[in-house]
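Read-outs: derived from the displayed coordinates by stated rules, not from any lab. Everything numeric in this text was worked out from a predicted model, so none of it was measured. Here Cβ is always computed from backbone atoms with ideal geometry, including for glycine, and neighbour counts include all displayed protein chains.
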Amino acid sequence: MTKVHALAIAAAALSFLPEGALGTDTQWRFELKRQNTDRDTPGESTKTTARLEALPGEGSVALWRLDLPFPDEKTSFSGSPFDPRLGDIKVRARLRPVDAGSLPVSFFSELTFPTAEPKELGQGKYQVMLGAETFHPLVSLSSEEHQLSFSPQVQQVVSVAGDGARNDINYTKLELALRDIWRKVYSLKLTAKPVIDWVQDAKTGAVAELEGAVTLRHNWKLQLMLGGRLWGEGVASTYGTRVELTVGKTF
């Protein structure tokens, strides 16, 4: 699939946005993410991802996201960065937080389209993800320079259509993130991501990720993440080891 076709698919995905969804006071964020992944599972391999996010200043939706993944033709850890292919395009929407029993809860949803070419570089299924996240400032552990917080999240992902010869997708994933923001410039986040794979009779697995980020001048941001499996080889959405470098800009 050519780059022109990829852009056409991305434009079609954005066309699903309701009229006036972005409004006039919208902030934009662009990220370029490079992931080198070893001992991958379907959909989790070495790739480069271009991400575009719109953050409306008003309305019920706080974020619209478009992910254009370009997995390497060579799926090993080193990959083949100069020989990318189109992967499965993703579109996400996140609602503004609401109070649920005195807790701020944000609900979000994501659609995954089986656009990978060749098909082996994707999962071959239309997928729907529904999720919820809350945020807890750890005031007793924070100071003027260090702002600590805990953010638990739950996601449910299922396949709804697609290639009948490919495995169905049905898993529940938790994300338990502990974050420290230092001087409003640096951040460090430790996340555990346990998964229950219902297609494999409730087999469990998990990865842990450590991510550091720095905010630069002119709204640029640089992030480095190191991740690895804790247990459960072959469980959906997990991997063996991963190194991820992200460059982003808000404008």
| query | Cα to Cα, under 12 Å, and not fewer than 8 places away if on the same chain: which aspartates and glutamates meet these conditions relative to K221? | reply | E31
| task | Mind checking which of S76, S143, I169 is farthest towards the positive end of the chain's charge dipole, using Cβ charges of +1 (Lys, Arg) and -1 (Asp, Glu) about the Cα centre? | result | S143
| field | Radius of gyration, Dmax [the chain; alpha carbons; angstrom] | value | 18.3, 56
| message | Give the lysines whose C-alpha is closer than 23 Å to that of K193, dropping any in the same chain fewer than 8 places away, or say none. | response | K33, K47, K90, K125, K173, K203
| query | Counting Lys and Arg as +1 and Asp and Glu as -1, each charge on the Cβ, what is the dipole of the chain about the Cα centre in debye, to the nearest 20? | reply | 460 debye
| query | Which value in Å is the Kirkwood Rh of region 108-234 over different Cα pairs? | reply | 16.9 Å
| request: Compute the projected area of the convex hull of the Cα atoms of region 157-203, averaged over all viewing directions, and report it in nm² to one decimal place. | output: 5.0 nm²
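About the Cα centre, and with charges only on the beta carbon of Lys, Arg (+1) and Asp, Glu (-1), how big is the dipole of region 63-188? Nearest 20 debye, please.
Dipole of region 63-188, to the nearest 20 debye: 200 debye.
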| task | May I ask you to sort Y126, Y171 by Cβ crowding, counting other Cβ atoms within 10 Å and putting the fewest first? | result | Y126, Y171
| Counting alpha carbon pairs within less than 8 Å and at least 6 residues apart, what relative contact order, in whole percent, applies to the chain? | 16 percent
